[in-house]
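The structure under discussion appears below in the form of C-alpha cells.
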Amino acid sequence: AHTHFTQGIAFYDLQQHRASTLLYGQDAGVNCRSNDAFALWFLGYPEQGLTRSQEAVTLAQQIGHPFSLSFILSIAADFHQLRREVNNAQESAEASINLATDQGFPHWRAHGFVLRGSTLVHQGQVKDGIEQITEGLRTYRATGAELLRPYFLALLAEAHGVQGEPEAGLTALAEALTLVDTTGERWYAPELYRLQGELRLRQASPDAAQAAACFQQALAIARRQQAKSWELRAAMSLSRLWQQQGKRAAAYALL
C-alpha cells in the first residue's frame, strides 16, 4: 500500500488533477497522502506518517475544496488518535465538525463526533465522551455508512473500559468483530483483539488465559499484516500479563 500511495503522490499534479476532484468528490493528492500516513504508522514509522498527514492537511487547505478538507480533518483526527495525541486529535475533530456542519456533510460531522468523544474520555470526561461516541455512531449509521464502524466501536469499547464497564466494552467489540468477518475491513483487527484481552482482565473474575489468547491473536494478525505498530502494542499487553505471572524472561524476549 505504501508503495502504491508513494507512486500516486509522485504522479499527482495539482493543476492537472483539479478537475478530477470535482468529478470524484475528493482530491487524489490529499487522499494518497492521508492513506500513506496510516500505512507508514502501521509499518512502524509514526514520525514519517505524521509528516504525510500534515502534508495532506496543508494541501487540502491550499486547494480550498471543502469536502476534501472535511475528509482530511476527520482522518487527521484518526491519525492523532492512533498516536495518542489527544489534544491534536480533538483540535482536528472540532475543525472537522465545524466545517461539516457549515457545509452540510453529515458523514464527516458524525465521524468528528466519535473522535471528539474519544478525546473527552482520555481527558477524564468519560460519561460525556461515551455519549458523544454513541451519538456519533448513531448518526454515522443513519448516513448508510459501514466503513470504519469496527474502529469506532473499538473507541467505544475502550471508553467503557475506562469507565469500569468491561462487559459493555466486550459487547461493543463482539459487534466490531462480527463486522470484520462480514465486511472484510481488517485494518483495526489486531487492536480489537488486544482490547478484548485488556477488558477480560478487568472483569470481576479476570480470565488471564483468555486474555493471553486474545493478545496472541492480535500478535498473529499484526504479523500477517506486517503492522509493526499493532505488533508492538499487542506485545506490550502480553508482556505485562506475563510479567505479572512471573514469566519475566518470556516477557523480556517478546518485547
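The values are calculated or read from the model by the stated rules, or taken from the named source; none is laboratory data. Everything numeric here is computed off the predicted structure, so don't read it as measured data. Positions of Cβ are backbone-derived with ideal geometry, glycine not excepted, and every protein chain shown enters the neighbour counts. Side chains are part of the model used for accessible areas, which takes the heavy atoms of the whole protein and leaves out ligands, DNA and RNA. Shrake-Rupley method; radii C 1.70, N 1.55, O 1.52, S 1.80 Å.
Report whether or not PRO166 is open to solvent by less than 60 Å² (accessible area, probe 1.4 Å), over 17 Å from HIS111 (Cβ atoms) and either among the aliphatic types (A, V, I, L, M) or at pLDDT 95 or above (or both). Full working, then the answer.
Values: open to solvent by less than 60 Å² (accessible area, probe 1.4 Å): yes; over 17 Å from HIS111 (Cβ atoms): yes; either among the aliphatic types (A, V, I, L, M) or at pLDDT 95 or above (or both): yes.
For PRO166, the condition - open to solvent by less than 60 Å² (accessible area, probe 1.4 Å), over 17 Å from HIS111 (Cβ atoms) and either among the aliphatic types (A, V, I, L, M) or at pLDDT 95 or above (or both) - is met.
Within region 125-163, if we keep just the residues that are among the charged types (D, E, K, R) and part of a helix (DSSP H, G or I), the residue that is least open to solvent (accessible area, probe 1.4 Å) turns out to be ARG149.
The set of residues in region 16-34 that are at pLDDT 80 or above and in a loop (DSSP other than H, G, I, E, B) comprises GLY25, GLN26, ASP27. The residues of region 215-230 that are open to solvent by 40 Å² or more (accessible area, probe 1.4 Å) and touching a residue at least 60 places away in the same chain (Cβ under 8 Å), listed by number, are GLN225, GLN226, LYS228. Under the condition of being polar (S, T, N, Q) and open to solvent by 30 Å² or more (accessible area, probe 1.4 Å), the residues counted in region 29-53 number 4.
This table checks each residue for (1) in a helix (DSSP H, G or I); (2) of a type in the set (Gly, Ala, Ser); (3) open to solvent by 50 Å² or more (accessible area, probe 1.4 Å).
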position	(1), (2), (3)
GLU55	yes, no, yes
SER68	yes, yes, no
PHE71	yes, no, no
ILE75	yes, no, no
PHE79	yes, no, no
GLN90	yes, no, no
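When residues in region 169-195 are screened for being closer than 15 Å to GLN210 by Cα, under 16 Å from the mean Cα position of the chain (by Cα) and either aromatic (Phe, Trp, Tyr) or open to solvent by 30 Å² or more (accessible area, probe 1.4 Å) (or both), 1 of them pass. Filtering region 231-255 to residues that are open to solvent by 60 Å² or more (accessible area, probe 1.4 Å) and in contact (Cβ under 8 Å) with a residue 40 or more places away in the chain leaves only LEU232.
Across region 196-214, what is the number of residues that are in a helix (DSSP H, G or I), within 13 Å of ALA157 (Cα to Cα), open to solvent by 30 Å² or more (accessible area, probe 1.4 Å) and out of contact with any Ser or Thr (no Cβ under 8 Å at 6 or more places or on another chain)?
Matching residues across region 196-214 total 1.
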